[in-house]
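The values are calculated or read from the model by the stated rules, or taken from the named source; none is laboratory data. In this text the structure is predicted, and so the values were computed from the model without any measurement. Cβ atoms come from the backbone with ideal geometry, glycine included; neighbour counts cover every protein chain shown. SASA here: full protein model, heavy atoms, side chains in, ligands and nucleic acids out. Shrake-Rupley method; radii C 1.70, N 1.55, O 1.52, S 1.80 Å.
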Amino acid sequence: MEFENTRAFAQVLDTNDPIRSYREKFHLPQIHGPGTIYFCGHSLGLQPKSAQTYLLEELKGWATLGVEGHFHSNKRPWFYYHRFSKEALAGLVGGQPQEVVSMNGLTTNLHLMMFSFYRPIGKRSKIIVEAGAFPSDQYAFESQIRYRGLDPDQCLIELAPRQGEYLLHTEDILNTIGTHGDELALILLGGVQYYTGQFFDLGAITEAGHAVGAQVGFDLAHAIGNVPLQLHQDGVDFAVWCSYKYLNSGPGGPGGIFVHERHGQNQELPRLAGWWGYKEEDRFQMKKGFVPMEGADGWQLSNVNILSSAAHLASLEIFAEVGVSALRTKSEQLTIYLEHIINEINQDGENIKIITPNKKVARGCMLSLLFHNMDKEVFDRVTASGAIVDWREPNVMRVAPVPLYNTFEEVFDFGQMLQKSLEK
Ligand SMILES: *Cc1c(COP(=O)(O)O)cnc(C)c1O
């Protein structure tokens, strides 16, 4: 399709958008007045209007039933709460319901998964990670390695882009895996890189990791709800995520895990256990000796945070209704349109470089714009003109038009704002 950088053209795209009505289901922040453009769903997704109803239902259950709400709360008894998100989460990550569970926060889950799946033995002690991984992940990697009495400098193999480049070549990732073969205990990468927006080839990486005898896990913070995933089919060992970014569960909303079916019954795996992972039927017998639930549920520690999980369910219901494939179709279009407009206002290529891959299979909705010869002032001007995006030091603006609630016209408007901000 030939794209045009005009409002009329953007409006036509909106009119033809089969899922445009979903925007109505969200509260749109008007921080800079009406017309504020929110392109920050990669950081904190917007509030579904239905979240309030879900939360009020739980508050009412608590008010009227007290502890009885665990089993007798009207719609969703708290004792079984982890079940209610399973279908939707399984759909989003391409797993089976017993392979996923919503719990804790992302970093906690990363520790729990590394405790089980990072098992250094002799020379097989190394972990392949991204150079410049999200800081929380880096701290988790280092502390997990130290806890085993090992040295992070020796054990972490960081994948860095080639000289002068910003992205990783799949070929280089696979070569690194091959080179370190029998020294590798684990490969642990983002699904979508948080800084560049690069969507890695999870299937190829998993296959290569397994071929050399390593475990393979992914941090899906920027992938879940953004790109289609097929963790079960790809044979991924485990994954973790948070739900407050593309999944719109609200600030600090619950994280989640995926544990492949083949590990779900394995009682030999070391794990940090808690009572909520104990066999459900006998949990309240309060017996000695941990007997895990089957599947991912067996990694649960604590009883569910009902209030934030209620908001999570409100949003998951919307995702289940729209479906991954309709979302992805619109997402690709929105991002291609954004890319087109940025390239048009940056024809001499002097100011902006889009470092996110230009192939749609290798990215989600977010574009990372690297600014040459400019500092954070351009971001401040864009913000003042009414667009909410974010800035990552030293010089990257991350811009995410989210298919559930953003429009093509907003992409057009953002282009206008960016252009004016560059001129000043
Ligand atoms: C957002 C994000 C986190 C945040 O971790 P929390 O434990 O949810 O605070 C961690 N890792 C990555 C890659 C992220 O993008």
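Going highest first, how would you order 138-147, 169-178, 296-305 by mean Cβ packing within 10 Å? Before the final figure, lay out the partial values.
Values: 138-147: 17.2, 169-178: 15.4, 296-305: 21.4.
Packing order, densest peptide first, comes out as 296-305, 138-147, 169-178.
What is the spin-label model distance, in nm, from Ala8 to Gln233 if the labels are put 7 Å beyond Cα along the C-beta direction?
4.2
For the chain, what is the calculated [θ] at 222 nm in deg cm²/dmol (nearest 500), taking -39500 (n - 2.57) for each run of four or more DSSP H residues and dividing by its residue count? If you can, show how the numbers build up before the last one.
Values: 16 runs with 162 residues, N = 424.
Mean residue ellipticity, 222 nm, calculated: -11500 deg cm²/dmol.
In Å², and per residue, what accessible area does the chain have when probed at 1.4 Å with the other protein chains present? Mind dumping the intermediate values first?
Working: 18230 Å² over 424 residues.
Result: 43 Å² of accessible area for each residue.
Can you compute the modelled spin-label distance between Thr53 and Val291, with each label point 7 Å from Cα toward Cβ, in nm?
4.0
Go ahead and run the numbers for FRET between His27 and Glu207, Cβ-Cβ distance against an R0 of 35 Å, rounding to 0.05.
Details: r = 42 Å, r/R0 = 1.21.
Result of the calculation: an efficiency of 0.25.
To make sure I understand the rule: partners must be aspartates and glutamates, Cα under 15 Å from the Cα of Lys75, and not fewer than 8 residues away in the same chain. Which ones qualify?
Reachable aspartates and glutamates: Glu57, Glu58, Glu317.
If the reach is capped at under 18 angstrom between alpha carbons, list the lysines near Lys287, excluding any in the same chain fewer than eight residues apart.
Within reach: Lys279.
Counting Lys +1, Arg +1, Asp -1, Glu -1, what net charge surrounds Thr407 among other residues with beta carbon under 12 Å of its beta carbon?
-2
Can you give the extra length, in nm with one decimal, that the chain gains between Met1 and Gln154 once fully stretched, where that is 0.36 nm per residue apart less the Cα-Cα distance? Don't skip to the end; give the middle numbers.
Values: separation 153, 0.36 × 153 = 55.08 nm, distance 5.00 nm.
So the chain would gain 50.1 nm between Met1 and Gln154.
Please list, by residue number, every one of the trypsin sites (Lys or Arg not before Pro) in the range 69-104 that is coil in DSSP and has at most 12 other beta-carbon atoms within 10 Å. Intermediate values should be presented prior to the final figure.
Numbers: sites: Lys75, Arg83, Lys86; in loops: Lys75.
Those that pass, being in a loop and sparsely packed, are Lys75.
For the range 329-373, what % of the accessible area comes from carbon and sulfur atoms, probe 1.4 Å?
Details: 770 of 1850 Å².
Result for the range 329-373: 42 percent of the exposed heavy-atom area is carbon or sulfur.
Report the antiparallel proportion of the DSSP beta bridges in the chain as a percent, rounded to a multiple of 5. Present the calculation step by step, with values, prior to reporting the outcome.
On the way: 22 of 40 bridges.
For the chain, the DSSP antiparallel bridge percentage is about 55.
Longer than 28 Å from Cα to Cα, which of Lys126/Lys359; Lys245/Lys288; Lys25/Lys245 are they? Say none if no pair is.
Values: Lys126/Lys359 31 Å; Lys245/Lys288 39 Å; Lys25/Lys245 17 Å.
Long pairs (Cα-Cα over 28 Å): Lys126/Lys359; Lys245/Lys288.
Using DSSP H assignments, which helices in the chain have an axial alpha-carbon span of 27 Å or above and a mean Kyte-Doolittle hydropathy of -1.0 or higher?
Values: long enough: 324-345 (31 Å, 0.09).
Length and hydropathy pass: 324-345.
Tell me, how many Å apart are the Cα centres for the range 28-93 and for the range 218-292?
19
Apply 1/(1 + (r/R0)^6) to the Cβ-Cβ distance of Glu317 and Gln416, taking R0 = 30 Å, and write down the FRET efficiency to the nearest 0.05. Don't skip to the answer; put the middle values down first.
Details: r = 35 Å, r/R0 = 1.16.
So, using R0 = 30 Å, E works out to roughly 0.30.
What percentages, rounded to whole numbers, describe P(r) for the range 1-136 computed over all alpha carbon pairs with 5 Å bin width beginning at zero?
2, 7, 8, 12, 14, 14, 12, 11, 9, 6, 4, 1, 0
Going by average Cβ density within 10 Å per residue, which order do the peptides 222-233, 247-258 take, highest to lowest? Provide the component values of the computation, followed by the final result.
Working: 222-233: 23.2, 247-258: 24.7.
Ranking the peptides 222-233, 247-258 by packing returns 247-258, 222-233.
For the chain, report the % of Cα-Cα distances exceeding 37 Å. Present the calculation step by step, with values, prior to reporting the outcome.
On the way: 23951 of 89676 pairs.
Roughly 27 percent, once rounded to a whole number.
Over the range 56-321, what percent of the accessible surface lies on carbon and sulfur atoms, probe 1.4 Å?
Working: 5790 of 11160 Å².
Roughly 52 percent of what the probe reaches on the range 56-321 is carbon or sulfur.
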